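Have a look at the structure below before the remarks.
The values are calculated or read from the model by the stated rules, or taken from the named source; none is laboratory data. None of these values were measured; they are calculated from a predicted model. Positions of Cβ are backbone-derived with ideal geometry, glycine not excepted, and every protein chain shown enters the neighbour counts.
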Amino acid sequence: MSTKFVRYALLASLVFGATSSGFAHSIGDTGHDHAAPRYDFTVQPPTRIVMRANDVVFLAQATAPRAVAAPANAQPSLLSSAFQPFAPKVKTRTDGQFFYVESDGMPAHNMMVGITAWQQQVPLPQPYTGANAWRIPLNPVPAQAPASIKNRFLRGAIALAANGIPIFNPQNNRGDISNEIGELDQWGGHCGRADDYHYHAAPLHLQGVLGKDKPIAFALDGYPIYGLTEPDGTAPTKLDAFNGHETAALGYHYHASLKYPYVNGGFHGEVVEHEGQVDPQPRAGAGREALQPLRGARITGFSSKDTRYSLKYEVGSETRFVNYTLLDGGAVKFDFVDGRGQVRTETYSPRQRGPGGGDRPTGEPPGKAGPQKGPGKGSPPPPPPVRGEARPPRGPSGAVAAAGYTPKRTGNFTLRSPAVANGGALPVEFTGDGASATLPLEWTGAPGGTKSFAVIMDHLDPEGRAKWYWVLYNIPANIGSLAKNTQGIGTLGNNSVNSRAGYAPPHSKGPGAKTYHLTTYALSGPVLLNSTAAAVSREVLLAAMKNLILDSAELTVTYDRTGAIGSPNGAPGGKGGPREAEAK
């Protein structure tokens with residue numbers, strides 16, 4: 001978009017108490033803030049989506065375009081009836097051609113709780129106003145070539161919910177279904193690279209405000225999206241491949257669903273596609289660069305008061321917080337509180353991100369406004385993380401970097417070790433301070449069609465760089481466990497410790513406990529690599545097997561060298577022999 005948009009005043013921080021739950025306030029009119037609509041929070045997106053062959057949408061399958069539609073003068077009234085219940089937080093206007101919707105991108109319902117694949121993003125108000133407002137055609141035009149969203153339109157929004165929150169493709173920018181890999185909260189949403197909150201599933205909970213007789217959203221081609229039923233409560237019939245159909249009363253319209261594609265599976269109406277998204281659409285404001293996903297994190301609480309917000313999450317046995325406050329002048333102050341209560345502070349100035357919080361093109365320099373040190377003690381944390389909307393980072397070879405890839409994980413496939421519990425302390429014998437043994441592993445619940453397994457043991461350092469200790473693949477499908485110091489099973493790759501083929505034990509350099517992840521992948525076939533073992537890194541293996549992954553399971557362990565070296569009961573050979581380190 002060529003229009004220069006006014007930079008939006010973003011956000012900042014203030015350390016909250018240990019608040020773990022509560023509803024986020026609406027932002028805007030004070031009276032409205034304290035009279036937020038009541039939502040039906042029992043309606044949530046499914047916890048598992050199964051993509052089947054007949055779910056894949058091709059243009060040839062879409063309903064042939066027809067000129068019949070709801071009367072032209074009915075569209076403005078229908079649009080107004082859907083968005084009006086969320087006023088004054090959501091404001092609308094028309095110019096005879098488009099219906100414009102303004103909002104700050106912050107819903108009245110709570111957010112973020114329940115996410116288990118977190119890109120370390122947090123919800124921030126967005127400048128969806130004025131020339132940067134959302135726009136919906138008042139007179140939708142059936143397309144001559146209806147466009148599917150399957151593996152297409154992966155950037156930006158495809159629809160706008162009645163509460164002013166954009167709805168993105170159910171697939172993220174990597175092509176994975178967000179809800180299938182734990183990226184979405186209890187309301188079907190999460191945040192993008194610009195800390196912009198949006199949905200990837202149908203926001204059926206809005207019917208608690210709207211009722212079932214009004215659309216819950218409008219696709220960006222102008223056609224309305226109703227819930228699971230028609231306005232009269234009857235089940236919709238003869239839906240096309242895009243979840244849409246035509247009735248005498250409503251003309252063409254879409255319906256939500258509890259499986260892919262959740263909302264409109266494509267565009268029955270005309271849209272302009274540019275750089276992988278519908279164009280034009282608003283630009284999201286951003287104050288910080290994206291960081292890496294935080295492995296093992298689970299968001300358990302989110303609360304707000306005025307301009308202060310607090311996100312609570314857990315990593316292993318630690319409870320941590322991201323507290324932030326919106327400051328004057330568009331800055332945001334963040335307080336990162338670790339599991340020991342230590343606080344690090346960062347303040348970020350506003351800058352502008354691409355449409356809909358989409359990706360920054362490869363090679364484009366970051367915004368000029370970088371992080372500024374706050375008053376917190378100690379060195380600042382790494383700049384805030386890489387989001388679920390980000391393309392996976394690439395290694396020198398062009399392979400998908402470990403830190404940026406979230407594999408499919410249904411929860412049915414599980415991994416355990418008889419030597420340590422999930423989240424527990426890794427016994428010294430499995431580290432470089434002990435016997436350097438490989439950990440015994442056992443897995444169950446592999447999906448049908450599994451032809452081989454792969455195992456990776458890795459760790460993300462404080463800067464988000466991936467280190468790996470064990471790469472093992474082409475494990476036969478009839479194998480369900482690996483013994484301690486296993487040999488002769490599968491094919492070994494290298495490690496980042498010495499770049500040689502084989503296992504290298506962790507040494508947990510530096511103070512404090514370190515977290516290590518062991519992941520087993522169930523694959524639909526063997527991994528075909530024309531490389532020597534010493535050349536197969538974690539990146540190389542992930543790239544080679546990305547399209548083979550049927551499911552994955554993870555075991556997380558910790559190790560703290562404190563007490564393991566230089567103490568009577570520490571390193572092997574001491575009087576007490578090897579002992580299990582304590583997780584902190």
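In segment 204-229, the residues that are outside the structural domain of Asn169 (by TED's automatic domain parsing) and over 11 Å from Leu78 (Cβ atoms) never reach a residue that is among the aliphatic types (A, V, I, L, M) and in a loop (DSSP other than H, G, I, E, B) with C-beta atoms less than 8 angstrom apart, at least six apart or across chains. Of all the criteria given as (1) assigned to a strand (DSSP E or B); (2) under 30 Å from Gly411 (Cα atoms), the one not satisfied by Arg155 is (1). Residue pairs whose Cβ atoms lie under 7 Å apart, separated by 6 or more positions or on different chains, with the first residue in segment 250-270 and under 12 Å from Phe218 (Cβ atoms) and the second among the aliphatic types (A, V, I, L, M) and in a loop (DSSP other than H, G, I, E, B), are Tyr254/Val263; Val263/Ala202; Val263/Ala256; Gly269/Val141.
Considering Asn163, Asn169, Asn110, the condition of being surrounded by fewer than 24 Cβ atoms within 10 Å (Cβ to Cβ), of a type in the set (S, T, N, Q) and under 22 Å from the mean Cα position of the chain (by Cα) is satisfied by Asn110 alone. Among the conditions (1) on the phi < 0 side of the Ramachandran plot; (2) surrounded by 22 or more Cβ atoms within 10 Å (Cβ to Cβ), Gly222 misses just one, which is (1). Identify all residues within segment 219-249 that are touching a Phe, Trp or Tyr at 6+ places or on another chain (Cβ under 8 Å), within 20 Å of Asn139 (Cβ to Cβ) and assigned to a loop (DSSP other than H, G, I, E, B); write none if there are none. Leu220, Asp221, Tyr223, Phe242 - these are the residues of segment 219-249 that are touching a Phe, Trp or Tyr at 6+ places or on another chain (Cβ under 8 Å), within 20 Å of Asn139 (Cβ to Cβ) and assigned to a loop (DSSP other than H, G, I, E, B). Residues that are in contact (Cβ under 8 Å) with a residue 60 or more places away in the chain and assigned to a strand (DSSP E or B) within segment 481-536 comprise Thr515, Tyr516, His517, Leu518, Thr519, Thr520, Tyr521, Ala522, Leu523, listed in sequence order.
Would it be correct to say that Ala248 is surrounded by fewer than 24 Cβ atoms within 10 Å (Cβ to Cβ) and modelled with pLDDT under 95? The answer is yes for Ala248.
Within segment 489-520, can you find the residues that are out of contact with any Gly (no Cβ under 8 Å at 6 or more places or on another chain) and more than 18 Å from Leu460 (Cβ to Cβ)? Result: Ile489, Gly490, Thr491, Gly493, Asn498, Ser499, Arg500, Gly502, Tyr503, Thr520.
Among the residues making up segment 128-147, a single one is crowded, with 21+ Cβ neighbours inside 10 Å and polar (S, T, N, Q): Asn132. Output the residues belonging to segment 260-275 that are in a loop (DSSP other than H, G, I, E, B) and crowded, with 16+ Cβ neighbours inside 10 Å. Hits for segment 260-275 are Tyr260, Pro261, Tyr262, Val263, Asn264, Gly265, Glu270, Val271. Here is a check on your reading of the model: is Ala235 buried (at least 24 other Cβ atoms within 10 Å of the Cβ) and hydrophobic (A, V, I, L, M, F, W, C)? Taking the combined requirement at face value, the residue does not satisfy it. Residues that are within 24 Å of Phe168 (Cβ to Cβ), touching a helix residue (DSSP H, G or I) at 6+ places or on another chain (Cβ under 6 Å) and in contact (Cβ under 8 Å) with a residue 60 or more places away in the chain are absent from segment 327-339.
Does segment 301-315 contain any residue that is under 24 Å from Gly424 (Cα atoms), over 21 Å from the mean Cα position of the chain (by Cα) and surrounded by fewer than 18 Cβ atoms within 10 Å (Cβ to Cβ)? Looking for residues that are under 24 Å from Gly424 (Cα atoms), over 21 Å from the mean Cα position of the chain (by Cα) and surrounded by fewer than 18 Cβ atoms within 10 Å (Cβ to Cβ), one finds none in segment 301-315, hence no.
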